[in-house]
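Engineer: Attaching a single structure in structure tokens format; questions to follow.
Quick note: the coordinates plus some simple rules give every number you see, no bench work behind them. Please read all numbers here as calculations on a predicted model, not as lab measurements. Virtual Cβ from ideal backbone geometry, glycine too; neighbours counted across all protein chains shown.
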Amino acid sequence: MKILQDKVAIVTGAGSGIGRSVALTYAQEGAKVVVSDMDEDSGRHTVRLITNQGGEGFFVKCDVSSPQDNEALVWATIDKYGALHIACNNAGIGGAMAPTGMYPVEAWDKVIAVNLSGVFYGVRYQIPAMLNSGGGAIVNMASILGSVGFANSPAYVAAKHGLVGLTKNIALEYGQKGIRANAVGPAFIKTPLLKDLDEQTMQWLVGRHPIGRMGEPEEVAELVLWLSSPKASFVTGAYYPVDGGYLAQ
């Protein structure tokens, strides 16, 4: 039997990159996947990829910075499949680049709203649904920058550090109620978030990884799958880098 057979999963930001890979991996392992994204065309394409490989899923448009959209996403999941067992809160943005003393306030507010508040809004409604479903697993997509700083990205770094702390709190509060929560910390992964970088910057980023390359979305998805599965039944409140050695330096 597949490792996620008959489980119901939500993946935010599943229209591309890591989120799409997680959604496809979940489906390959038997989960019914609710694909969520702001980009309707990309999200629906992910659903087509799922169904083409014999999986099951459907699309719900969701702006994670909206509490109402997060609540509606969970209710749509319950209406469709009757339960919620897994959530991968992956949606995120990079934001502006500037020193803290010059960082645009509007850019700060947007990054925090999506990357930190958006995950809180998600788990705020996912947790009650999981409790009603007999428990579950939450995987929050942090970053290597949930552990270290990165000059000129104060909002992103602050949001991802906060996300790791939020994940630990969920683990403490719900461990005895059947819900596990963990955070994943990817390094620089080949996703659309990096599409606007010039070649010189890309090569500089590659050089920051001792393994000698950037990561692939599928490599992150494999870790997310494990954390979402019964194989990680004693794992909660943890932060797992998948970083090509970035944090070993």
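Engineer: Using the alpha-carbon atoms, what tilt in degrees (0 to 90, nearest 10) does helix 154-174 show relative to the longest principal axis of the chain?
Structural biologist: Approximately 30 degrees, to the nearest ten.
Engineer: What does the charge add up to near Ala87, with Lys and Arg as +1, Asp and Glu as -1, over the other residues with Cβ less than 14 Å from its Cβ?
Structural biologist: Charge balance in the 14 Å sphere: +3.
Engineer: If you don't mind, there's one more thing I want to ask. Using the alpha-carbon atoms, what tilt in degrees (0 to 90, nearest 10) does helix 67-81 show relative to the longest principal axis of the chain?
Structural biologist: Computed tilt is about 40 degrees.
Engineer: Let me ask you something else. Taking only DSSP H segments of four or more residues, each worth -39500 (n - 2.57), what value at 222 nm results for the chain once the sum is divided by all its residues, to the nearest 500 deg cm²/dmol?
Structural biologist: -13500 deg cm²/dmol
Engineer: Number of Lys-Lys pairs in the chain under 22 Å by Cα, sequence gap 8 or more or different chains?
Structural biologist: Counting lysine pairs in the chain gives 21.
Engineer: Still on this structure: The chain: percent of C-alpha pairs farther apart than 22 Å?
Structural biologist: Value for the chain: 50 percent of Cα pairs lie more than 22 Å apart.
Engineer: To make sure I understand, if each residue's beta carbon is the centre and we count other beta carbons within 10 Å, what order do Met202, Met102, Met214 fall in, fewest to most? It would help to have the intermediate numbers written out before the result.
Structural biologist: Values: Met202 14, Met102 9, Met214 19.
Listing Met202, Met102, Met214 from fewest to most nearby Cβ atoms yields Met102, Met202, Met214.
Engineer: What size of dipole, in debye to the nearest 20, comes out for segment 8-241 about its Cα centre when the only charges are +1 on Lys and Arg C-beta atoms and -1 on Asp and Glu C-beta atoms? All intermediate terms of the calculation are to be shown ahead of the outcome.
Structural biologist: Working: 17 positive and 20 negative charges, 114 e Å.
In total the dipole reaches around 540 debye.
Engineer: Could you compute the net charge surrounding Glu218? Neighbours are other residues with a C-beta less than 14 Å from the C-beta of Glu218; K and R count +1, D and E count -1. Kindly include the intermediate steps, with their values, before the conclusion.
Structural biologist: Values: positive: Arg20, Lys190, Arg213; negative: Glu29, Glu216, Glu219, Glu222.
Local charge sum for Glu218: -1.
Engineer: Return one number: the angle in degrees, 0 to 90 and rounded to the nearest 10, between the long axis of the Cα atoms of helix 17-28 and the longest principal axis of the Cα atoms of the chain.
Structural biologist: Roughly 30 degrees between the two axes.
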